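The values are calculated or read from the model by the stated rules, or taken from the named source; none is laboratory data. Since we're looking at a predicted model, the values are computed, not measured. As a convention, Cβ positions derive from the backbone with ideal geometry for all residues, glycine included, and neighbour counts pool all protein chains shown.
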Amino acid sequence: MSLAHSVSRYNRRRKWNIFLEAFRINPAAKILDAGFSDAEYSKTDNFLEKNYPYPENITALGLVEPVSFNKRYPWVQTIKYNGHLFPFSGKEFDICWSNAVLEHVGGKQEQTQFLKEIARVADVAFITTPNRFFPIEVHTRIPLLHFLPKRFFDVCLRLLGKTWATGNYMNLLSLVELNKLLDAAGIKKYQIKENKLLGFTLDFVIIL
């Protein structure tokens, strides 16, 4: 296992413990996973489905056809949508889980809408996203260049052969930007926890 995957596994286990502390396991609770992955590249992908003891109560929402996902997690209901409004009524779920998805949904307008939809369909929510100012960008494993404005960072990524990480694939957030997004989404009651690694904030956990 690579060092990066080891750190990711450690951090996702840490976030899972925060989730368990914030929300007691309830056999009757309906949970929305806002942003499942069909292809899995590590053992930390689809962490909720791997660890939640009542998978039949999970509904997984995503942009792609859940071909491999359905084979791995046959008890989980899956829904493909267009990336805009969630196809659910208000407060249809007890909990919404969204792990490391917010940075991938688009720019500030799309991120604000994503947060609005989470708050609309669930009573409470558990959302995580990486810190823009952690010294190493966690998707590309490149240090410091992501401190540049996004358009310049994207140019650097293309020059380094990592075009897949440019554009709307990734819009990282600082703590200040995250608070502004939550305010723009009309969300007033929330708590942000900072998960640290070697003294730096690696990512944020937002509990609505």
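Annotation: residue 73 fulfils all but one of (1) exposed (fewer than 15 other Cβ atoms within 10 Å of the Cβ); (2) modelled with pLDDT of 95 or more; the unmet one is (1).
Looking for something part of a loop (DSSP other than H, G, I, E, B) and within 22 Å of residue 16 (Cα to Cα) - is there at least one such residue anywhere in the range 77-99? No, every residue in the range 77-99 fails to be part of a loop (DSSP other than H, G, I, E, B) and within 22 Å of residue 16 (Cα to Cα). Can you find a residue in the range 147-157 that is touching a strand residue (DSSP E or B) at 6+ places or on another chain (Cβ under 9 Å) and not aliphatic (A, V, I, L, M)? No, the conditions are met nowhere in the range 147-157.
Filtered by the rule that a residue be out of contact with any strand residue (DSSP E or B) (no Cβ under 8 Å at 6 or more places or on another chain) and not in a helix (DSSP H, G or I), the range 169-199 gives 170, 171, 185, 186, 187, 188, 189, 197, 198, 199. Kindly evaluate residue 124 against the criterion of being modelled with pLDDT under 95, under 18 Å from the mean Cα position of the chain (by Cα) and not in a helix (DSSP H, G or I). So residue 124 fails the test.
Would the range 189-201 turn up any residue that is under 15 Å from the mean Cα position of the chain (by Cα), at pLDDT below 95 and within 25 Å of residue 37 (Cα to Cα)? For the range 189-201, residues under 15 Å from the mean Cα position of the chain (by Cα), at pLDDT below 95 and within 25 Å of residue 37 (Cα to Cα): present.
Checked across the range 102-116, the condition of being surrounded by 15 or more Cβ atoms within 10 Å (Cβ to Cβ), closer than 23 Å to residue 186 by Cβ, touching a residue at least 40 places away in the same chain (Cβ under 8 Å) and among the basic types (Lys, Arg) holds for at least one residue. When the residues of the range 138-168 are narrowed to those that are in contact (Cβ under 8 Å) with a residue 60 or more places away in the chain and in a loop (DSSP other than H, G, I, E, B), which ends up surrounded by the fewest Cβ atoms within 10 Å (Cβ to Cβ)? Filtering the range 138-168 for residues that are in contact (Cβ under 8 Å) with a residue 60 or more places away in the chain and in a loop (DSSP other than H, G, I, E, B), the one surrounded by the fewest Cβ atoms within 10 Å (Cβ to Cβ) comes out as 141. Out of 18, 25, one residue alone is of a type in the set (Val, Ile, Thr), at pLDDT 85 or above and assigned to a loop (DSSP other than H, G, I, E, B). It is 25. Look at the range 65-80: where a residue is under 8 Å from residue 38 (Cα atoms) and a partner is part of a strand (DSSP E or B), sitting 6+ places away or on another chain with Cβ atoms under 8 Å, you get 65/80; 66/60; 66/78; 66/80; 69/60; 69/62; 69/78.
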